[in-house]
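A short worksheet on the structure shown next.
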Ligand code: GRF
């Protein structure tokens, strides 16, 4: 079977992208990242992609904060098709995925979220977990559909919440779990294991 061709979309630091690329280089994930794209031209994820010598792309500027413009999303679909992408992987991508992207990659878009979904959907998952006083939270790899953080769950890993946690300290612990869970969950997904 040929290697799955992945596009990574991210808006931030790109630590999950790095974890995936390292898993590929260490043969823990049988896939190939063929494009790293960001909605933010200055996002560190693009610099990290350059360090690995991977093709990069900046998405068209959008008048909306939470989503791409319809033209921007159409241009993204065309770029993904040009690169013959099999799977679109969201790794800290801060825009809501809309049509025509959802339609072009049905059940082929995967996201990682810093909570045990369906708990704490949306942008402030860490703050919500602390405000709720839960003893345990974690991270979830899930399919992306039209409902934000609402698609079918693929895999989860639990993380303890400590009494003196801040959103930042909790995020560090969750990210350690994310960097294990994401490559392992994708490998299972691609091999059907
Ligand atoms: C991760 O914690 C992920 O769960 C959330 O955004 C963060 C991205 O971090 N969706 P990074 O850019 O991969 O370091």
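When the range 132-149 is examined, which residues are found to be within 13 Å of residue 115 (Cα to Cα) and not in a loop (DSSP other than H, G, I, E, B)?
Across the range 132-149, the qualifying residues are 132, 136, 137, 138, 139, 140, 141, 142.
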Seminar exercise, completed: Subset of the range 1-30, residues in contact with a strand residue (DSSP E or B) (Cβ under 7 Å, 6 or more places away or on another chain) and either more than 13 Å from the ligand (Cβ to nearest atom) or more than 18 Å from residue 140 (Cα to Cα) (or both), comes to 3, 4, 5, 6, 7, 11, 21, 24
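Residue-by-condition table, conditions (1) in contact with a helix residue (DSSP H, G or I) (Cβ under 6 Å, 6 or more places away or on another chain); (2) exposed (fewer than 13 other Cβ atoms within 10 Å of the Cβ); (3) modelled with pLDDT of 95 or more:
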{"residue": "123", "(1), (2), (3)": "no, yes, no"}
{"residue": "130", "(1), (2), (3)": "no, no, yes"}
{"residue": "163", "(1), (2), (3)": "no, yes, yes"}
{"residue": "167", "(1), (2), (3)": "yes, no, yes"}
{"residue": "177", "(1), (2), (3)": "no, no, yes"}
Exercise. Mind checking which residues of the range 87-111 are away from the ligand (no atom under 16 Å from the Cβ), surrounded by fewer than 19 Cβ atoms within 10 Å (Cβ to Cβ) and assigned to a loop (DSSP other than H, G, I, E, B)?
Worked result: 98, 99, 100, 106, 107, 108
Problem set entry | Counted residues, the range 43-64 - those being within 18 Å of the chain's Cα centre (by Cα), within 24 Å of residue 100 (Cβ to Cβ) and in a loop (DSSP other than H, G, I, E, B) | 3
For this session: Give the range 33-62 a look and list any residue that's closer than 14 Å to residue 19 by Cα and touching a strand residue (DSSP E or B) at 6+ places or on another chain (Cβ under 6 Å), or say none.
Result: 33, 36, 45, 49
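Scan the range 152-193 for residues that are under 16 Å from residue 114 (Cβ atoms) and assigned to a loop (DSSP other than H, G, I, E, B) and jot them down.
Answer for the range 152-193, where residues must be under 16 Å from residue 114 (Cβ atoms) and assigned to a loop (DSSP other than H, G, I, E, B): 161, 162, 165, 166.
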For this session: Consider only pairs whose beta carbons are under 7 Å apart and that are at least six residues apart or on different chains; among these, list those whose first residue lies in the range 102-129 and is on the phi > 0 side of the Ramachandran plot and whose second residue is in a helix (DSSP H, G or I) and at pLDDT 95 or above.
Result: 120/128; 120/129
Problem set entry | Hey, residue 68 away from the ligand (no atom under 15 Å from the Cβ), under 20 Å from residue 144 (Cβ atoms) and surrounded by 14 or more Cβ atoms within 10 Å (Cβ to Cβ) or not | yes
For this session: Tally the residues that are more than 11 Å from the ligand (Cβ to nearest atom) and in contact with a strand residue (DSSP E or B) (Cβ under 7 Å, 6 or more places away or on another chain), restricting the search to the range 143-158.
Result: 10
Exercise. Consider residue 18 against the criteria (1) over 23 Å from residue 171 (Cα atoms); (2) within 17 Å of the chain's Cα centre (by Cα): it satisfies all of them except one. Which criterion is unmet?
Worked result: (1)
For this session: Confirm whether residue 33 is buried (at least 17 other Cβ atoms within 10 Å of the Cβ), within 15 Å of the chain's Cα centre (by Cα), within 25 Å of residue 176 (Cα to Cα) and within 12 Å of the ligand (Cβ to nearest atom).
Result: no
Problem set entry | Any hit, the range 7-16, residues being in contact (Cβ under 8 Å) with a residue 12 or more places away in the chain and farther than 26 Å from residue 189 by Cα | no
Exercise. Given the conditions (1) under 17 Å from residue 190 (Cβ atoms); (2) surrounded by 18 or more Cβ atoms within 10 Å (Cβ to Cβ); (3) away from the ligand (no atom under 16 Å from the Cβ), which single one is not true for residue 84?
Worked result: (2)
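The values are calculated or read from the model by the stated rules, or taken from the named source; none is laboratory data. Predicted model, so just to flag it, every value in this text is computed and none were measured. Note that each Cβ is placed from the backbone with ideal geometry, even for glycine, and that neighbours are counted across all protein chains shown.
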